[in-house]
Amino acid sequence: MINKSIVIVGPTASGKTDLSLKLAKRLGSSIINTDSRLFYKNLDVGTGKPSKIQRDEINHHLIDIIGPREDFSISGFIKKASEAISQIITDGQIPILVGGSGQYTKALIEGWDIPKVPPDLELRRFLQEIIDNNGVDFFYKKLEKDFPENTLNIDRKNPRRLIRAYELGKNNIVRAPKSKNPSNLFKLYGLTLNRKDLYLRIDKRIDIMIDEGWVEEVKKLVDQGCEPNSNSFSSIGYREIYSYIMGITNLEESKSIIKKKTRNLVRHQYNWFRLNDPEITWFDINSYSQDKIIGQIVKDFNEN
């Protein structure tokens, strides 16, 4: 009986999606998405979502599961991802988890205890005003001062996560994760390459996304009622393109900001999964072909 899942991590634009598709085809497996941006329907171009053809060929879980104006918690993700893993294993396949959201992936593989506290909308509006007036860095320092225990493993540039951490602190709940899952349930593989080459790939990828209709995609979302404060618009690029559509910036300015924010995201992704982590087998994609990487993964699982 198969009892271990493959987890593919790494920064944006490192080739995780393409590798996962080829690996799933080789193993006859299914893929579980761990990228929070791909949960949303109608966010396709700007998230690098696998195409419908690709999803028809390889079974995918946790893609297009909520509307662009809905929210989805980490606890909800853990529940659905765990159910998908169990089903795939029951079907005699090896689950392949892939995505760039380090917090979601980490929460799943480490079995975090996620506090169940209902949202306090009035408090959230008040905290959002603080961020709007003073900036994210100011608010992070406030959180660090008032509830330092709730800054553990948090993306300090993500307003929604910071507000939630403060909300938990107000309820006297420590956000510290508690590991329950034994490490032998998951085998982690990482894709990496030097920053210069990675940033060039990111810039090219963003240019291609614009050419493939990212602006038109955001216009449609706005027509559907999405606004800058919609949960889906926290995905990098959507608010920036919204600013372009509204005439606040020109397209080149928006593209420049998107590229800069994506590079910053890379640093956060490496903070979640470090190159010196002994639990991760890293592959430099400038040194290893996809065929070599897939061959190594298949070999590892044939030996177990």
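Tell me, please, whether a residue that is surrounded by 13 or more Cβ atoms within 10 Å (Cβ to Cβ) and touching a Ser or Thr at 6+ places or on another chain (Cβ under 7 Å) can be found in the range 113-129.
Scanning the range 113-129, I find at least one residue that is surrounded by 13 or more Cβ atoms within 10 Å (Cβ to Cβ) and touching a Ser or Thr at 6+ places or on another chain (Cβ under 7 Å), so the answer is yes.
Which of the residues belonging to the range 7-40 are in a loop (DSSP other than H, G, I, E, B) and crowded, with 16+ Cβ neighbours inside 10 Å?
Gly10, Pro11, Thr12, Ala13, Ser14, Gly15, Ser29, Ser30, Thr34, Asp35
Got at least one residue in the range 215-231 being surrounded by 13 or more Cβ atoms within 10 Å (Cβ to Cβ), modelled with pLDDT under 95, in contact with an Asp or Glu (Cβ under 7 Å, 6 or more places away or on another chain) and not small (Gly, Ala, Ser)?
Yes, there is a match, as at least one residue in the range 215-231 is surrounded by 13 or more Cβ atoms within 10 Å (Cβ to Cβ), modelled with pLDDT under 95, in contact with an Asp or Glu (Cβ under 7 Å, 6 or more places away or on another chain) and not small (Gly, Ala, Ser).
For the range 17-38, what are the residues that are without any contact (Cβ under 8 Å) to a residue 60 or more places away in the chain and not aliphatic (A, V, I, L, M)?
Lys25
Which one is modelled with the lowest pLDDT among residues in the range 258-277 that are closer than 15 Å to Tyr238 by Cβ and open to solvent by less than 70 Å² (accessible area, probe 1.4 Å)?
Leu265
When you go through (1) hydrophobic (A, V, I, L, M, F, W, C); (2) exposed (fewer than 12 other Cβ atoms within 10 Å of the Cβ); (3) without any contact (Cβ under 8 Å) to a residue 24 or more places away in the chain one by one for Leu152, which number turns out not to apply?
(3)
Across the range 157-211, which residue is modelled with the highest pLDDT among those that are touching a Phe, Trp or Tyr at 6+ places or on another chain (Cβ under 9 Å) and open to solvent by 80 Å² or more (accessible area, probe 1.4 Å)?
Looking at the filtered set, the residue picked out is Lys170.
Do you know which residues across the range 48-66 are touching a helix residue (DSSP H, G or I) at 6+ places or on another chain (Cβ under 9 Å), surrounded by 14 or more Cβ atoms within 10 Å (Cβ to Cβ) and free of Cβ contacts under 8 Å to residues at least 60 places away in the same chain?
Passing the criteria: Lys49, Pro50, Gln54, Ile58, Asn59, His60, His61, Leu62, Ile63, Asp64, Ile65, Ile66.
Mind telling me which of the residues Ile85, Ile96 ends up being of a type in the set (A, V, I, L, M) and either open to solvent by 10 Å² or more (accessible area, probe 1.4 Å) or on the phi > 0 side of the Ramachandran plot (or both)?
After applying the criteria, what remains is Ile85.
For the range 67-77, how many residues meet the condition of being open to solvent by 30 Å² or more (accessible area, probe 1.4 Å) and closer than 23 Å to Thr262 by Cα?
Here the count works out to 3.
The values are calculated or read from the model by the stated rules, or taken from the named source; none is laboratory data. Everything numeric here is computed off the predicted structure, so don't read it as measured data. We place every Cβ from the backbone using ideal geometry, glycine too, and count neighbours over all the protein chains shown. Side chains are part of the model used for accessible areas, which takes the heavy atoms of the whole protein and leaves out ligands, DNA and RNA. Shrake-Rupley method; radii C 1.70, N 1.55, O 1.52, S 1.80 Å.
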